[in-house]
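First the structure, in the form of structure tokens, and then the observations on it.
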Amino acid sequence: MRASFTKKLNSRKELAVSVEETVQSVFKDVLDLGPDEIKPDEPMAQAYEVDSTEMVEITVAIKKALNLDIENNTLNKDQSYNQIVEFCKSQVG
């Protein structure tokens, strides 16, 4: 029983890491940001001067990469990177 719990826990951790890596990859592709340039707690508009068009591009790329069924306006430029990652984790897991 304990081995099953540990295996499930490891799966969740791996999924969480995979989601974050995917979002990070989208940020790299759409905004040309490296991992060290991500400001995890600042709103997107403030941290990267993201506009509405870029947010749609980010949302569409995340939807495709994670196979999420969300509206294109679900994510917005007032959210931070961490908020977007946590939202995606909640939709995948």
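Below, the figures for the structure above:
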| item | result |
| --- | --- |
| Spin-label model distance (nm) - Gln46 vs Asn76, 7 Å beyond Cα toward Cβ | 1.6 nm |
| Apportionment of accessible area to carbon and sulfur, the range 26-93, percent (1.4 Å) | 41 percent |
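The values are calculated or read from the model by the stated rules, or taken from the named source; none is laboratory data. As the structure is a prediction and not an experimental result, all values here were calculated from the model. Don't worry about glycine lacking a Cβ; one is built from the backbone with ideal geometry, like all the others, and counts go over all protein chains shown. Accessible surface areas use protein heavy atoms only, side chains included; no ligands, DNA or RNA. Shrake-Rupley method; radii C 1.70, N 1.55, O 1.52, S 1.80 Å.
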